[in-house]
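Here's the structure, in structure tokens; my notes come after.
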Amino acid sequence: MFKKVLIANRGEIALRIHRACHEMGIKTVAVHSTADSDAMHVRLADESVCIGPAPSRESYLNIPRLIAAAEITGADAVHPGYGFLSENARFAEILRDHGIAFIGPSPEHIRMMGDKIIAKETVKKLGIPVVPGSDGGVTTDEEARAVCEKIGYPVIIKAAAGGGGRGMKVVRSKEELPTALNACRTEAKAAFGDDAVYIEKFLGKPRHIEFQIIGDNHGNCIHLGERDCSLQRRHQKVLEEAPSPVINEETRQRMGGIVAKAMADFGYSGAGTIEFLYEDGEFYFIEMNTRVQVEHPVTEMITGIDIVREQIRVASGAPLSYTQDMVRFHGHAIECRINAEHPFTFVPSPGMVTQYHVPGGLNVRCDSAIYAGYAIPPYYDSMVAKLIVSGYTREGCLLRLRRSLEEFVVSGVTTTIPLHQTLIENDDFRAGKYDIHWLEKFLATHN
Ligand code: ADP
């Protein structure tokens, strides 16, 4: 097992990784920018290294500085968390060349899944159903028109290198197509340095259902069921739950079985998420994330399995601690992403946290790295806490969530806690009746 892990991240996920390491008897190294000298992950880690100024490019995304920090501290592995370099194949490769383990899949697998066109082709061959659309990339207007005529409007043009909800354009008629294609390619080039785009059928009322999988280096891969992440704003998740209110046990086992077998055949090692759109009883793959996800705790709450711990184990060469038969689902869990933003206009609200009180009690978990007296820097993601609550039933979970949100105090900055409070009182939400467009419509009536 590793002796010392460098955590190449910040915020709540850096803390989450630190916790898993310390429970396993592994020492931790925090890295931080000058804006994060007072961050909780820096305070808790065994050692810390300042790797540069506030802009991520010069610190959390700076590979030479991270490698230097790992070498100076003698870390034998690096956990990238999510975001930043977590899906950067080059980073994983450079670490491998330096004899430092990357806690994640192989660079080859990261690279394949990081290109959404290759990812779609790959999983299709492995027996996973995909959204109908172009076979590979599309460059000319003629090609695009032919694809759209075949699949029918509306369609969505997506950047092969896209991520974080960016690089997508919905096209509703053939008149809009040439301009949209051109704009999407130009934007993709500017944002991701790659102008490859592809076309998919735009589904009208799907849910976003994703399956958590973990594979090891011994040919095993298991699934930990699904998460429903349909509550989104600008393609970004706001609240997630597991299990999905619309997936029954038979479907869970069937789809979970398909993805776990596909990933075992692929030889995948590490944690991963296979994302689907689910409409009228059918699943359509959209992408795979080759890292731990923000919403992983809802799965941990209903399975009791520590996903980060398993990531560390498999990266060290150990086999998974669980077989598929050992995975049991208990109850229901919901996660609210709490951002330092206005709850309805989403204007960022960085600044000093004057008071901070975290809710507690049975089955209440809060993953956060903020504290009273901490100044939330304006340079990074605005998510400051994740409140995860579970219950024996979805209804019980909602009652506990209402009580927990009511107890949560974050003063000095504005947060999205009131958004969650409003959401969970809504009849559609309470009935589990929502698709990926529901939240935006709901917000439009609240502004
Ligand atoms: P990203 O990598 O940027 O997260 P995804 O491919 O995962 O991009 O898509 C993000 C979200 O965009 C999905 O959860 C869904 O809400 C919406 N979306 C993506 N593809 C489609 C599609 N074919 N039809 C309808 N909505 C889509």
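At a glance:
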{"quantity": "Two-site label geometry, ALA191 and GLU108: point separation in nm, points 7 Å out along Cα→Cβ", "calculated": "3.1"}
{"quantity": "Cα gyration tensor shape of region 330-447, rounded if a/c is under 1.5, else prolate or oblate by comparing a/b with b/c", "calculated": "oblate"}
{"quantity": "Modelled FRET efficiency - R0 22 Å, ASP38 with HIS357, Cβ distances, 0.05 increments", "calculated": "0.65"}
{"quantity": "Charged-residue dipole, Cβ positions (Lys, Arg, Asp, Glu), region 1-74 about Cα centre, Debye nearest 20", "calculated": "140"}
{"quantity": "The chain shape via C-alpha gyration tensor axes, a/c threshold 1.5", "calculated": "rounded"}
{"quantity": "Inter-centroid distance (Cα atoms) of region 362-421 relative to region 229-287, Å", "calculated": "25"}
{"quantity": "Inter-label distance, nm, simple model (7 Å from Cα along the C-beta direction), GLU282/LYS3", "calculated": "5.6"}
{"quantity": "Anchor LYS261: lysines whose Cα lies under 29 Å away (excluding residues fewer than 8 positions away in-chain)", "calculated": "LYS116, LYS120, LYS124, LYS125, LYS158, LYS201, LYS205, LYS237"}
{"quantity": "Whole-percent carbon and sulfur share, accessible surface of the chain, 1.4 Å", "calculated": "51"}
{"quantity": "By accessible area with a 1.4 Å probe, ligands and nucleic acids excluded, highest first: order of VAL353, VAL358", "calculated": "VAL358, VAL353"}
{"quantity": "Length released on extending from ILE72 to HIS22, taking residue separation times 0.36 nm less the Cα-Cα span", "calculated": "15.9 nm"}
{"quantity": "Shape of region 270-322, Cα gyration tensor, a/c cut at 1.5", "calculated": "prolate"}
{"quantity": "Residue-span extension gain [LYS261 to SER321] - 0.36 nm each, minus C-alpha spacing", "calculated": "19.8 nm"}
{"quantity": "Estimated distance in nm for a label pair at ARG234 and VAL347, the labels positioned 7 Å out from Cα along Cα-to-Cβ", "calculated": "1.5"}
{"quantity": "Region 132-279: relative contact order in percent, alpha carbon pairs under 8 Å with at least 6 residues between", "calculated": "23"}
{"quantity": "Under 13 Å, Cβ to Cβ, from ASN217 - net charge with Lys/Arg +1 and Asp/Glu -1", "calculated": "-1"}
{"quantity": "Alpha carbon centroid spacing (whole Å) that separates region 54-108 from region 140-189", "calculated": "34"}
{"quantity": "Label zone at LYS150 (point 7 Å along Cα-to-Cβ), backbone N below 20 Å, region 106-125", "calculated": "116-125"}
{"quantity": "In Å², nearest 10: area of ASP46 left accessible to a 1.4 Å probe", "calculated": "70"}
{"quantity": "Extension gain from THR422 to ILE118, taking 0.36 nm per residue of separation minus the Cα-Cα distance", "calculated": "105.4 nm"}
{"quantity": "Computed over the chain: relative contact order in percent, which uses C-alpha pairs under 8 Å that are six or more apart", "calculated": "14"}
{"quantity": "DSSP beta bridge pairing in the chain, given as percent antiparallel to the nearest 5", "calculated": "80"}
{"quantity": "Furthest towards positive pole of dipole, ILE338, LEU61, LEU177, structure part the chain, Cβ charges", "calculated": "ILE338"}
{"quantity": "Pairwise FRET efficiency - THR445 versus ARG402, Cβ, R0 = 22 Å, nearest 0.05", "calculated": "0.60"}
{"quantity": "Options VAL238, HIS22, CYS148, ranked by Cα towards positive dipole end of the chain, top entry (Cβ charges)", "calculated": "HIS22"}
{"quantity": "Cα centre as origin, Lys/Arg/Asp/Glu Cβ charges: the chain dipole, Debye", "calculated": "280"}
{"quantity": "Modelled label reach - ARG172, point 7 Å along Cα→Cβ, region 406-447 residues with backbone N closer than 20 Å", "calculated": "435-445"}
{"quantity": "Heavy-atom accessible area per residue - region 66-124, 1.4 Å, Å²", "calculated": "37"}
{"quantity": "Computed magnitude of the charge dipole of region 297-447 (debye, nearest 20; Cβ of K, R +1, Cβ of D, E -1)", "calculated": "220"}
{"quantity": "Farthest positive-ward along the chain dipole, Cα basis, beta-carbon charges - from VAL49, VAL347, ILE128", "calculated": "VAL49"}
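The values are calculated or read from the model by the stated rules, or taken from the named source; none is laboratory data. Quantities reported herein were computed from a predicted structural model and do not represent experimental measurements. We place every Cβ from the backbone using ideal geometry, glycine too, and count neighbours over all the protein chains shown. Surface accessibility is based on the protein's heavy atoms, side chains included, excluding ligands, DNA and RNA. Shrake-Rupley method; radii C 1.70, N 1.55, O 1.52, S 1.80 Å.
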